Amino acid sequence: MMSEQIHIIKRKMFDQGYKLTPQRAAIIRVLLDHSDIPISAEDIFMVFKGKLHKMGLATVYRTLELFCEMNIIHKVNVEAGMARYTMSNIQNDSYSHEQLICTACGRKKKVKVDWVKPLEKRIESELGFTITDYQLDIMGLFTTCSGKGCIKKKVSTPSRLSVPSL
Ligand SMILES: [Zn+2]
């Protein structure tokens, strides 16, 4: 599954004149490894810090920016001013343009396209805007994650991150 996704990304980059360098591949693996949870550039940096495969924070930022431009990943703002990134679903059949993201545990849930259609229609007719693409990330908490006795796994804790095998 993961190697298949990496293969798709590699081809996608090649098509646009980029190479999937070992560093870029390593970052992709971290993102894929934690695809259930949006992670920040700092989180990714921490994964590589002090490890065999050292990577500068600037490199991580640059790479994430490039991946964003290529729609391999997209930015979600979990907390104000804190950018986190999550994999865009690159395989079209399971692509979700509209999803809920839990700010406590990072779980994602697809939203039915039918629910968003009326909004799409209104934007087109009332604002005179033809939508070509969109990504709707609705941040919040699932009921099971907002209860008092619930031990929240904070998204900002990078402890769940592990070093991918290269
Ligand atoms: Zn949750």
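The values are calculated or read from the model by the stated rules, or taken from the named source; none is laboratory data. Fair warning: this is a prediction, and the values are worked out from it, not measured in the lab. Here the Cβ is made from the backbone with ideal geometry for all residues, glycine too, and neighbour counts use every protein chain on show.
Numbers for the structure displayed
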read-out	value
Residue match in region 112-126 (condition: out of contact with any helix residue (DSSP H, G or I) (no Cβ under 9 Å at 6 or more places or on another chain), within 22 Å of C145 (Cα to Cα), modelled with pLDDT under 85 and surrounded by 16 or more Cβ atoms within 10 Å (Cβ to Cβ))	no
Meets criteria (more than 30 Å from Q23 (Cβ to Cβ), at pLDDT 85 or above and away from the ligand (no atom under 16 Å from the Cβ)) for L136	yes
In region 1-21, the residues that are of a type in the set (G, A, S) and modelled with pLDDT under 85	S3
When residues of region 58-97 are limited to those that are of a type in the set (F, W, Y) and in contact with a helix residue (DSSP H, G or I) (Cβ under 7 Å, 6 or more places away or on another chain), the one modelled with the highest pLDDT	Y61
Only listed residue being at pLDDT 85 or above, more than 27 Å from I9 (Cα to Cα) and surrounded by 14 or more Cβ atoms within 10 Å (Cβ to Cβ), chosen from C150, C145, C102	C145
Region 7-24 - residue that is crowded, with 16+ Cβ neighbours inside 10 Å and among the hydrophobic types (A, V, I, L, M, F, W, C) and, of those, nearest to I73 (Cα to Cα)	I9
Checklist (1) surrounded by 18 or more Cβ atoms within 10 Å (Cβ to Cβ); (2) not in a helix (DSSP H, G or I) applied to I28, failing item	(2)
